[in-house]
Amino acid sequence: MSKLANAGSGITQSVVWRWFLPASGAVLSLCFAHSLLVRCLLAAALLAWFALGLAWERRTARSQAKLLAQYIVRLPDFSGPAPTVASSLLPVVEAVEHAAQSIQSQLNLSGASRQQLEALLEGMQDAVVGVDSSGRVQWSNGNMQRLLYRDAAGALLRQGRPLVHTFRDPVLLAAVQRTIEAAIPTECRSDAVLLGRVFRVNASPLPDGGAVVVLHDTTKAEEMERSQRDFVANVSHELRTPLTSIIGYVETVMDNEALTSPASDFLGTALKNASRMQRLTEDLLLISQTEQADKPLVLQPLPVRALLEDALRTVQGASYAEKANLQITSCAPDEVMADANAVSQVLGNLLENAVKYSQQAGSPTALKVQLSAEVTPTEPPYMEIRVRDSGPGIALEHLSRIFDRFYRVEKARSREVGGTGLGLSIARTLVQQHGGRIWAESALGEGSTFCFTLPLVN
């Protein structure tokens, strides 16, 4: 307003001075020609005239500024006509109108975006809450409020209230705090938010600080998975005894009876398939045991070289690896925090696959499997163990699925080498329970390298 008033004042002042200066010159010429008394009287009149001009100038500027101020106040509603101001102020009025229209357009777009976001949050099946950088609740969707009100004795998330006053689960609170402090997404599993319910919690950072927290109810899914595991474990356990009997009887007949060639072939086929079924049931039992939460790993400091050498001795003693060239190419002297039996199982599965699939690729005399272990340059560092074979390689489209249960790149070849499709799935489960990850690097005709990481000591 002060700028508008100054602008109006400057315009009016220029008009006053253009009118005042010629007249004052004429009066001053008369003052020099008359007596001192006349000059004093004329000087008094001149001062009065000048004071009247300044007063008129200020009143005009205030009037123009008041009109503009009243118009700007009405601009958000665009109600009423534009004020009648001096022509020199019309560009100012037009600029103010244009700015007001732009601001109103932006406000309308912002309001529409906010309504769309609110509708999206309300339509989500998951419970969502947003917190600021100090962990205080800023907003939440209806599903979050209904979840707490229905299942948490009428608890409500109030805006401005710390999240810790509503959620007492330390795992969830730690994940949210980590996201706020480090500005990175965090995921965790929480079974203490509500009694008898399990949630997958995803916390993502917000641009202005704080985090948005999504609670996905996985209770039914975990119950279904638990039922499937129990069913598989029970069936596998029930199949183990009859399969053992069948294998024993067939082997006894083949070793102690004079059999015709067709009969020997029939019994050989029966023995081969019964043995494969036995391996399958054993793998199913093993994977059920590895996924049971009540049987945690026994972690302890272990030298990584001792783990590699033990795995090599185990595989070299098997009949399928008699002509295999197994060697450790490099190994860091560090120790890892690991379960010895679990790591032996992982390395055993990877080495067995490497030997068997390398045999399928060419002459067994040229079979080579290399094993190495080095510390990663990441922060925090991990021990990366690599098993490289000289097999046929794996196409890129299969690499993301080879760790799934029963997935086979080539079913016929897997049956030839006696695979069950569960070895890599078991290895992935055991590695993840250590806090590491497992992956494969391969290309057709260039062999494959299976890698996994384990945490270092300290």
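FYI, it's all coordinate maths here, none of it is from the lab. On a predicted model such as this, the values are computed, not experimentally measured, just so you know. Every residue, glycine among them, receives a Cβ derived from its backbone with ideal geometry; neighbour counts consider all protein chains shown.
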Would you list 299, 284 from fewest to most Cβ contacts within 10 Å? 299, 284
Positive minus negative residues near residue 383 (Lys, Arg vs Asp, Glu; Cβ under 10 Å): -4
Tell me which residues come under 5 Å, amide H to amide H, from residue 206 once H is placed; ignore anything under 5 positions away on its chain. 211, 212
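Give a quick list of GluC sites (Glu not before Pro) in the range 281-326 that DSSP marks as loop, anything other than H, G, I, E or B, with at most 12 other Cβ atoms within 10 Å. Could the numbers behind the result be given before it?
On the way: sites: 282, 291, 309, 322; in loops: 291, 322.
Loop-located and lightly packed - 322.
Hey, fewest Cβ within 10 Å first, where do 180, 246, 103 land in order? Don't skip to the end; give the middle numbers.
On the way: 180 21, 246 17, 103 12.
Result, fewest neighbours first: 103, 246, 180.
Please compute the net charge surrounding residue 165, taking Lys and Arg as +1 and Asp and Glu as -1 over other residues with Cβ under 11 Å from its Cβ.
On the way: positive: 136, 158, 161, 168; negative: none.
Every neighbour counted, the sum reads +4.
Need one number: % antiparallel among DSSP beta bridges in the range 300-455, to the nearest 5. Before the final figure, lay out each step's value.
Values: 22 of 28 bridges.
In the range 300-455, approximately 80 percent of DSSP beta bridges are antiparallel ones.
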